[in-house]
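Here is the structure we will look at, set down as structure tokens.
The values are calculated or read from the model by the stated rules, or taken from the named source; none is laboratory data. Note that the structure is a prediction, hence the values are computed from the model and not measured. Cβ coordinates were reconstructed from backbone atoms using ideal geometry, including for glycine residues, and neighbour counts include every protein chain displayed.
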Amino acid sequence: REKIDSLGLIQSMSRKGNCLDNAPMESFFHLFKVESQPETKKCKSISQFTQFFNKYVNWYNNDRISNKTKNMSPVDYRTHVLAA
């Protein structure tokens, strides 16, 4: 924790060490690794990876459909739920 503080970073787990608050991000990064592994290997620099990652996040939020979200993208599902 001291190292995290010295680097000016914020710990992502709750104070009591409950990892459940990390579950959505862990799930996202798992999907990212599985769905984009061949593409990430083509990145030759951090800036190329950053560009690829930003495109992936945009695709994930706006175009990727999921059974969990009634075959809608996350943005469409959120809009649908908030309109109800």
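A quick yes/no check of all residues on (1) assigned to a helix (DSSP H, G or I); (2) modelled with pLDDT under 95; (3) of a type in the set (S, T, N, Q); (4) more than 17 Å from the chain's Cα centre (by Cα):
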{"position": "Arg15", "(1), (2), (3), (4)": "no, yes, no, yes"}
{"position": "Asp21", "(1), (2), (3), (4)": "yes, yes, no, no"}
{"position": "Met25", "(1), (2), (3), (4)": "yes, yes, no, no"}
{"position": "Phe29", "(1), (2), (3), (4)": "yes, yes, no, no"}
{"position": "Phe49", "(1), (2), (3), (4)": "yes, no, no, no"}
{"position": "Phe52", "(1), (2), (3), (4)": "yes, no, no, no"}
{"position": "Val57", "(1), (2), (3), (4)": "yes, no, no, no"}
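Here are the criteria: (1) touching a Ser or Thr at 6+ places or on another chain (Cβ under 8 Å); (2) free of Cβ contacts under 8 Å to residues at least 12 places away in the same chain. Tell me which single one Asn61 does not satisfy. Status for Asn61: all satisfied but (2).
Inside the stretch 59-71, residues that are of a type in the set (A, V, I, L, M) and modelled with pLDDT of 95 or more make up a count of 0.
The residues of the stretch 64-84 that are touching a residue at least 12 places away in the same chain (Cβ under 8 Å) and either in a loop (DSSP other than H, G, I, E, B) or out of contact with any helix residue (DSSP H, G or I) (no Cβ under 9 Å at 6 or more places or on another chain) (or both) amount to a single one, Ser73.
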